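Taking it in order: structure first as structure tokens, then the write-up.
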Amino acid sequence: MSKNLPTRKEDYSKWYNELVDRADLAEHSDVRGCMIIKPYGFAIWENMKDVLDAKFKETGHSNAYFPLFIPKSFLSKEANHVDGFAKECAVVTHYRLKNAEDGSGIIVDPDAKLEEELIVRPTSETIIWNSYKNWIQSYRDLPILINQWANVVRWEMRTRLFLRTTEFLWQEGHTAHATKAEAIVEAEKMLDVYTEFVEDYMAMPVIRGYKSESERFAGAEETYCIEAMMQDTKALQAGTSHFLGQNFAKAFDVKFADKEGKLEHVWATSWGVSTRLMGALIMTHSDDEGLVLPPKLAPIHVVIIPIYKSDEEFAAVSAKANELVAKFKALGIRVKFDDDDNRRPGWKFAEYEMKGVPVRLAIGPRDLAEGNVELVRRDTKEKSVVTLEGVETRVRTLLDEIQANLLKKAKDFREANIHKVDTYAAFKERLEKEGGFYLVHWDGTKETEEKIKEETKATIRCIPLDAPHEEGVCMVTGKPSSRRVIIAKAY
RNA sequence: CGGGGUGUAGCGUAGCCCGGUAUCGCGCCUGCUUUGGGAGCAGGAGGUCGUCAGUUCGAAUCUGGCCACCCCGACCA
């Protein structure tokens, strides 16, 4: 194993793959396209999950759990939905194995064929709406605000750890409402929740918008999304929130009696974020030395590394380090004192840089004598010597500073790579040369969108929610347009 | 699923063209010396050469099938 990562500049995707491996986040399993999330990677995901879960509960949602398997017939009830997912479903056809008669091993027992095949959920709208049908009779039963944390399976052609795996972890919210307006408010509210989480915790700036018709979720009337820019200037869809209209209510015949006793179809939303956010987190902040984690999600905030020669020195340094550990813990700072004698300090320095621990302290005899400690921040790699006294409050402040700095850095990078262009020729040339996001006028048609995609591989990422009204003409067809959309190459 | 590439110890590799029982580095184990940016020396363990079949006296090496992974397309959160 070489000591250094490939740099982002020389091979971005190799950099990403090796970083995921070397930072001990995840690895490939023996099953094609599936990943093993390792303890350190899972700890980051758990931190994300905890924050999101609390936010869902604050906004009135409850968790529940629906089955992994969906009867095949359910999936075909909503026409767009089946079109969108049919090509990537794993199907369970049998329920038993047996030993082959020729002794060649274990085989699927042909006698154990299921009457109706089961689909491994690619998303749970259908099985959930099949239940909602039984739960909803009256306007008094509404709204239903449910979230579930689950794994789903989508049989993708090409996979990459965290960004696109065959099986992935996510949360999916599924809500039912009495009115269209209320459902739209819900979908927008959850987009806000995602935005707050991603910006405040992941330190990742996003553009909020809605999808063009062809990029919309299969079965949705409107798909809201947050789009982030990675360090290679490609776009990554970080989360979506869908206004489903009455599509699923009609497909599953879910009606409620309103106050006048009139039967109406229920209005729906669904919204989700996945372990893909891990990929986004990695690609937003990390550098050629390894992972860089925003303090709010880092499993370890501060690592303390002892430096010593003799047992006496180790004892003295340890005593001081343990005092610090207690002080950090009292301030709610997640701290690790790495007193492993099998690794030398230099090795540890490199290791914790690879793992993205925001702050590192080194204490040796020299520091003890002077009442100091060496402090290094991961984001800027700035090294300083500070007094031991009160170092815990200094670190507390520094963690907030790092969190803010990461967001600012990412934001500055994004701003530097968003361009306004007005002609198709200029768009193609700049996209090819410098990548980035492009704010352009588009005539709103599928045909133009398709043409751009075919010719440049860039797609309409979103129609920004805060886009100002601006008269212009479509850069491709010259037809009128009243606002700019974001176009970019995407993951 | 189409095009290209790769599979040799836990990881990274040499050997393959030209067939003769596998090289080196990292890691691992033991011991001593070390410890302020990935330690040094000495000794040691670890391999059905992705897999199945074929050719051959003999296959990591030649031929074919299959599998997996990586890159580029199509698909997608």
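Some observations on this one:
- Gyration tensor verdict on chain A (Cα atoms; rounded if a/c is under 1.5, prolate if a/b is larger than b/c, oblate otherwise): prolate
- Note on the stretch A:300-398: Lys pairs 8 or more places apart or on different chains, Cα atoms under 21 Å apart, count 17.
- Span from the the stretch A:230-288 Cα centroid across to the the stretch A:314-343 one, whole angstrom: 43 Å
- Considering helices alone, the calculated mean residue ellipticity of chain A at 222 nm is -11000 deg cm²/dmol, with DSSP H runs of length four and up weighted by -39500 (n - 2.57) and normalised per residue.
- Each part gets one Cα centre, and for the stretch A:13-42 versus the stretch A:52-126 those centres are 25 Å apart.
- Among the protein heavy atoms of chain A, carbon and sulfur supply 49% of the accessible surface, probe 1.4 Å, non-protein parts ignored.
- Where chain A is the region considered: accessible area per residue in Å², 1.4 Å probe: 46 Å²
- For the stretch A:54-103, applying the loop criterion from DSSP together with a ceiling of 13 other beta carbons within 10 Å to the chymotrypsin sites (Phe, Trp or Tyr not before Pro) yields A:65, A:95.
- The stretch A:316-405: C-alpha gyration tensor shape, a/c 1.5 cut-off, then a/b vs b/c: rounded
- For the peptides A:232-242, A:309-319, A:248-258, the ranking by mean Cβ contacts within 10 Å, running from highest to lowest, is A:232-242, A:248-258, A:309-319.
- Amide H within-cut-off set for residue A:421, under 5 Å, with H built and near neighbours excluded: A:439
- Qualifying aspartates and glutamates (Cα of each under 18 Å from Cα of residue A:433; at least 8 residues distant if same chain): A:10, A:11, A:232, A:415, A:422, A:454, A:455
- The Cα center of the stretch A:172-226 and the Cα center of the stretch A:133-158 differ in position by 15 Å.
- Legend: distances between Cα atoms for A:57/A:189; A:77/A:133; A:55/A:255; A:234/A:411; A:211/A:446; pairs beyond 19 Å are A:55/A:255.
- Distant-in-sequence amide contacts of residue A:244, defined by a placed amide H-H separation under 5 Å and a gap of 5 or more residues or a different chain, comprise A:221, A:268, A:269, A:270.
- Under-5 Å amide H pairs with residue A:336, H placed in peptide plane, nonlocal only: A:302, A:303, A:304
- Residue separation of residue A:157 and residue A:14 scaled by 0.36 nm, minus their Cα-Cα distance, works out to 49.6 nm of gained length.
- Semi-axis lengths, Å, the stretch A:340-491, gyration tensor of Cα atoms, sqrt of 5 times eigenvalues: 51, 17, 11
- Global geometry of the stretch A:259-309, whether rounded, prolate or oblate, following the gyration tensor of its Cα atoms and the 1.5 cut on a/c: prolate
- This model, with +1 at the C-beta of Lys and Arg and -1 at the C-beta of Asp and Glu, gives the stretch A:305-382 a dipole about its Cα centre of some 380 debye.
The values are calculated or read from the model by the stated rules, or taken from the named source; none is laboratory data. Quick caveat, the model's predicted, so the values are computed rather than measured. Reconstructed Cβ throughout: ideal geometry from the backbone, glycine too, with neighbour counts over all protein chains shown. Ligands, DNA and RNA are stripped out before the accessible areas are found, and what is left, the full protein with its side chains, is counted by its heavy atoms. Shrake-Rupley method; radii C 1.70, N 1.55, O 1.52, S 1.80 Å.
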